[in-house]
Amino acid sequence: MPTVLTDVFRGHPIHLPHTHQPDFTSLSELPDSYTWTSKDDPLFTAPPSPPDAGESIPLIDLNHPDAANQIGRACRTWGAFQIANHGVPLELLQGIEFLTGSLFQLPVQRKLKAARSDTGFSGYGVARISSFFNKKMWSEGFTITGSPLNDFRKLWPQLHLNYCDIVEQYEEQMQKLASKLMWLSLNSLGVTEEDIKWATVSSDLNWAQSALQLNHYPVCPEPDRAMGLAPHTDSTLLTILYQNNTAGLQVFRDDFGWVTVPPVPGSLVVNVGDLFHILSNGLFKSVIHRARVNQTRPRLSVAFLWGPRSDTKISPVPKLVSPDESPLYRSVTWTEYLRTKATHFNKALSMIRNHREK
Ligand SMILES: C=C1C[C@]23C[C@H]1CC[C@H]2[C@@]12CCC[C@@](C)(C(=O)O1)[C@H]2[C@@H]3C(=O)O
Ligand SMILES: O=C(O)CCC(=O)C(=O)O
Ligand SMILES: [Fe+2]
């Protein structure tokens, strides 16, 4: 039984063509292999919400006395929100943005020295969900879990220790923030530490684990026909996303279509992931989101993907299941779920859904 994310894809190889990345900067036309239509993604041409409709995910001040309720409401309606006054130092946000920018600026031969292997978890490469789409995405990524020391030494023979330090500090801040946000949203449903014993410091200091996903979306000659990162939900409990000052993230709502999440300097975006949807017995929505690209400014984002330890079984909190019904989902560990997702992608949730008797 793997206990760390590093082992999740061991024995479950995913072959991805990292080494066939083009030199994005040299292309003046969008190659056919990067041109998306609704045949490649049924949601591709879903209507964008008109910007004047003013609809977007709420921006919540974490210091506001009503923050817990606002977060709970956002998790139920949108599955996403932005937060201000989150307590993560601005220098650290700038530090992780600087690191991400300098990583992707390295020559491609250097980045490939740290390429993610077919059975590996960490390293440089194309989005893991690429194998489910016929067209390529206009982006490159770098996944980190555990110590980035070995990879960073290959990328930056001189400066790797400074960069490791930034990652360590960033993860520490994100971990604290993620568990605070989880408890605020659960408290809004009346769920307390008594109901979820595995998620308390008194049960184990290391009851959660995480990965960092660094994303780069280069400028694109024909952004309207390209896709930065195809629509997906995260498999996490929660994801905390930092985006640089360039718009591109969109969330999907059945009633509005695609809604852009405008960058708000210094704030962070929070997404509900599939495991939180399961834990809340479907009350919180795991949000479908994607990243679009543009013609003038490169975009960077850093996703902190946060979930339980690999040996923790996640199942709907009994308090949230009505007495005359069975829970919506059966129990699953993060590792099992990541593997299900790696094989079945957006059918993963329905595969662990319990079938209700009439
Ligand atoms: C801990 C995680 C969560 C992963 C897999 C693994 C590391 C990278 C994450 C992402 C990041 C990009 C979208 C996604 C869909 C992908 O392809 O890689 C995510 C996926 C998931 O949330 O399922
Ligand atoms: O770049 C973005 O805004 C989205 C990134 C994302 O969804 C992810 O890394 O899971
Ligand atoms: Fe995501």
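The values are calculated or read from the model by the stated rules, or taken from the named source; none is laboratory data. Everything quoted here is computed from the prediction, not taken from an experiment. Here the Cβ positions follow ideal geometry from the backbone for every residue, glycine too, while neighbour counts run over all protein chains shown.
The residue that is surrounded by the most Cβ atoms within 10 Å (Cβ to Cβ), among those in region 313-325 that are at pLDDT 95 or above and in a loop (DSSP other than H, G, I, E, B), is P316.
Identification of strands (runs of 3 or more DSSP E) wholly contained in region 183-301 with 1 or more residues that are away from ligand 1 (no atom under 16 Å from the Cβ) yields 249-253, 257-260, 268-272.
For beta carbons closer than 8 Å, sequence separation of 6+ or different chains, a first residue in region 74-88 that is touching a residue at least 40 places away in the same chain (Cβ under 8 Å) and within 24 Å of Y170 (Cα to Cα) and a second that is assigned to a helix (DSSP H, G or I) and of a type in the set (A, V, I, L, M), the qualifying pairs are A80/A74; F81/I71; F81/A74; I83/L181; H86/L177; G87/L177; V88/M174; V88/L177.
Looking only at region 132-154, which residues are hydroxyl-bearing (S, T, Y) and farther than 23 Å from V219 by Cα? Quick ask: steps written out before the conclusion?
So the first thing to find is which residues in region 132-154 are hydroxyl-bearing (S, T, Y), and the list is 139, 143, 145, 147.
T145, S147 - these are the residues of region 132-154 that are hydroxyl-bearing (S, T, Y) and farther than 23 Å from V219 by Cα.
Can you pull out the residues in region 139-155 that are more than 16 Å from ligand 3 (Cβ to nearest atom) and surrounded by 19 or more Cβ atoms within 10 Å (Cβ to Cβ)? Listed by number, the residues that qualify are P148, D151, F152, L155. Looking across region 212-230, just one residue is within 10 Å of ligand 2 (Cβ to nearest atom) and either among the acidic types (D, E) or over 30 Å from D32 (Cβ atoms) (or both), and that is L212. Residues considered: T239, T312, T233, T260. Of these, the only one that is more than 11 Å from the chain's Cα centre (by Cα), within 13 Å of ligand 2 (Cβ to nearest atom) and more than 22 Å from F24 (Cβ to Cβ) is T260.
Restricted to region 159-212, and to residues there that are more than 26 Å from V269 (Cβ to Cβ) and of a type in the set (D, E, K, R), the residue that is surrounded by the fewest Cβ atoms within 10 Å (Cβ to Cβ) is E194. Would it be correct to say that L249 is aliphatic (A, V, I, L, M), touching a Lys or Arg at 6+ places or on another chain (Cβ under 9 Å) and within 16 Å of ligand 3 (Cβ to nearest atom)? Spelling it out, L249 is indeed aliphatic (A, V, I, L, M), touching a Lys or Arg at 6+ places or on another chain (Cβ under 9 Å) and within 16 Å of ligand 3 (Cβ to nearest atom).
The residue that is surrounded by the fewest Cβ atoms within 10 Å (Cβ to Cβ), counting only those in region 213-250 that are in contact (Cβ under 8 Å) with a residue 12 or more places away in the chain and of a type in the set (D, E), is E222. H355 meets all of the listed conditions (1) part of a loop (DSSP other than H, G, I, E, B); (2) within 13 Å of ligand 1 (Cβ to nearest atom); (3) at pLDDT below 95 but one, namely (2). Applying the set (1) of a type in the set (D, E); (2) surrounded by 14 or more Cβ atoms within 10 Å (Cβ to Cβ); (3) not in a helix (DSSP H, G or I) to D118 leaves exactly one unmet item: (2).
Applying a threshold of 7 Å to beta carbon distances and a minimum spacing of six or more residues, or different chains, the list of pairs starting in region 294-322 at a residue that is closer than 24 Å to G282 by Cβ and ending at one that is aromatic (F, W, Y) and within 16 Å of ligand 3 (Cβ to nearest atom) reads G307/W334; P308/W334; S310/W334. Confirm whether A342 is within 26 Å of F121 (Cα to Cα) and at pLDDT 95 or above. When the stated conditions are applied, A342 does not pass them. Remark: pairs (first residue in region 1-25, under 20 Å from G146 (Cα atoms); second residue at pLDDT below 75 and surrounded by 12 or more Cβ atoms within 10 Å (Cβ to Cβ); Cβ separation under 9 Å; 6+ apart in sequence or on different chains) = V8/P2; R10/P2. In region 193-213, the count of residues that are closer than 30 Å to Q295 by Cβ and basic (K, R) is zero.
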